[in-house]
Amino acid sequence: MRRHLALVDSMRSVVALLITLSHGMIVLSSHGFFPIVSEGRTGGVDFFFTLSGFLIFYVYQGQLGAGALNARSFLRKRFMRIYPLVWFFTALSIPVLLAFPGIGSPHDRELGVIIKSFLLIPQQESPVLGALWSLSHVVLFYLVFSTAIAHKRLGLVLMVAWAALLVMGIVTTQTVCAGFCDSSVALAFLMSAFNLDFLVGCLLAWLVRTQRGLPAWLGPVLLTAGGVAYVFGWSAGMGLDRLGVFATYLAGASCLLLGCAVIDLHRSVKVPRLVTELSNASYAIIVINLPVIVAVTKLAVWLFPAQREHGWALLALAVVCAGVGGVLVSRWLEPQLRRQTEAALDAASSVMGRWCHRWRSRAANDVG
């Protein structure tokens, strides 16, 4: 039977914190509060993707091969988790971008970029809400995993083949994306090494579900190794190339997740309520943290135009505001948006069903 992994689940709060810190350092450094931060990599995205793959495989392994209807139900449930908030905050940001040309980039006002941002279609430019590029990879993973729910053997073969191609591309080109992808956005997206994070997470979940003899002492050892990998990534990241940073964080995320899972399997872990709240709000925090950080930074620059010595305090304030905002959105706004979106989709489906029925009836009468 599948056991609830409370410690693993609580890692969603760590993911949200790492991503928020990354965006905070980038935004604040661009306004002179910190030295220039190269890409602001804190390993949050790698942890996010690996954890997503782990949780999805761990929860849905029993449904592999359950059929097309179950795959459709899976996709609807997952998409209802993602798209309503994306649509709401993307739509909310467009009037702000149009009213204040100094905010964002010029391409944020292009119609093609806006449409792709709403649909989370990968593109050359960043989406309107720049932090949401990662959700395009999440959607791709959900689509691939749904094939395993529809047809187990086909889906698993597809996932293994995809992982093999990604590893081959990394080994042969020594980059996070195979060299032939430079001329194609679609190929660069499909062959991005970030996609390997999800598949490694699936592999870790399979190990946890199938290997019953993992010793208790392995948990703390793996947690220590994962922590060391992340500290190394933070301290040496500026001196590593992108592939080195990616490999360091993937190894660290894998050790952290597997270590947490081993501890969960051997004893019941009580997670503090604050951590649970942040874990439940992790997706909302990922969606809203960058606009919140930008707003806090712009306000600080406006109020104190000549002061740049309080960068760390401002970063802490931005992280707290993003966390509180994410919890509020998760508790009150997200459920309402989801209900309204589901009602709208059901109504549209009903209308389409009636239209298709009338069209078939009319076609049958014409043939008769």
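Residues considered: V15, V86, V27. Of these, the only one that is over 27 Å from T210 (Cβ atoms), touching a Leu at 6+ places or on another chain (Cβ under 7 Å) and assigned to a helix (DSSP H, G or I) is V86.
If the condition is being under 20 Å from V27 (Cα atoms), under 20 Å from the mean Cα position of the chain (by Cα) and outside any loop (DSSP other than H, G, I, E, B), then the stretch 108-134 contributes G130, A131, L132, W133, S134. If you go through the stretch 89-107 and keep only what is more than 24 Å from G326 (Cβ to Cβ) and assigned to a loop (DSSP other than H, G, I, E, B), you end up with P101, G102, S105.
Part of a helix (DSSP H, G or I), without any contact (Cβ under 8 Å) to a residue 60 or more places away in the chain and among the polar types (S, T, N, Q): does that describe T172? Criteria met by T172. Pairs meeting the criteria (first residue in the stretch 282-295 and in contact (Cβ under 8 Å) with a residue 60 or more places away in the chain and within 14 Å of R12 (Cβ to Cβ), second residue in a helix (DSSP H, G or I) and among the acidic types (D, E), beta carbons under 9 Å, at least 6 apart or on different chains) are Y283/E334; A284/E334. Condition first: in a helix (DSSP H, G or I), hydrophobic (A, V, I, L, M, F, W, C), within 27 Å of I19 (Cβ to Cβ) and within 24 Å of the chain's Cα centre (by Cα). Can you find one or more residues in the stretch 299-310 that meet it? Among the residues of the stretch 299-310, not one is in a helix (DSSP H, G or I), hydrophobic (A, V, I, L, M, F, W, C), within 27 Å of I19 (Cβ to Cβ) and within 24 Å of the chain's Cα centre (by Cα), which makes the answer no. Applying the set (1) at pLDDT 90 or above; (2) farther than 28 Å from F198 by Cα; (3) among the polar types (S, T, N, Q) to Q307 leaves exactly one unmet item: (1). For the stretch 358-368, the count of residues that are of a type in the set (S, T, Y), surrounded by 13 or more Cβ atoms within 10 Å (Cβ to Cβ) and over 19 Å from G24 (Cβ atoms) is zero.
Condition check ((1) touching a helix residue (DSSP H, G or I) at 6+ places or on another chain (Cβ under 7 Å); (2) under 16 Å from F89 (Cβ atoms); (3) crowded, with 16+ Cβ neighbours inside 10 Å) across all residues:
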| position | (1), (2), (3) |
| --- | --- |
| I103 | yes, yes, no |
| S117 | yes, yes, yes |
| Q124 | yes, no, no |
| L132 | yes, yes, yes |
| H137 | yes, no, yes |
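Scanning the stretch 196-226 for residues that are free of Cβ contacts under 8 Å to residues at least 60 places away in the same chain and of a type outside the set (A, V, I, L, M) yields T210, Q211, R212, G213, P215, W217, G219, P220, T224, G226. Taking the conditions (1) over 23 Å from I19 (Cβ atoms); (2) polar (S, T, N, Q); (3) within 20 Å of the chain's Cα centre (by Cα); (4) at pLDDT below 95 in turn, S146 satisfies each one other than (4). Based on this model, can you work out whether A161 counts as at pLDDT 95 or above and either farther than 28 Å from I286 by Cα or exposed (fewer than 15 other Cβ atoms within 10 Å of the Cβ) (or both)? For A161, the condition - at pLDDT 95 or above and either farther than 28 Å from I286 by Cα or exposed (fewer than 15 other Cβ atoms within 10 Å of the Cβ) (or both) - is met. With respect to the stated conditions, G32 is out of contact with any Phe, Trp or Tyr (no Cβ under 7 Å at 6 or more places or on another chain) and in contact (Cβ under 8 Å) with a residue 60 or more places away in the chain.
Residues in the stretch 42-71 that are more than 30 Å from R242 (Cβ to Cβ) and in contact (Cβ under 8 Å) with a residue 12 or more places away in the chain: V59, Y60, Q61, G62, Q63, L64, G65, A66, G67, A68, N70, A71.
The values are calculated or read from the model by the stated rules, or taken from the named source; none is laboratory data. Just so it is clear, the model here is predicted, and its values are computed rather than measured. Cβ coordinates were reconstructed from backbone atoms using ideal geometry, including for glycine residues, and neighbour counts include every protein chain displayed.
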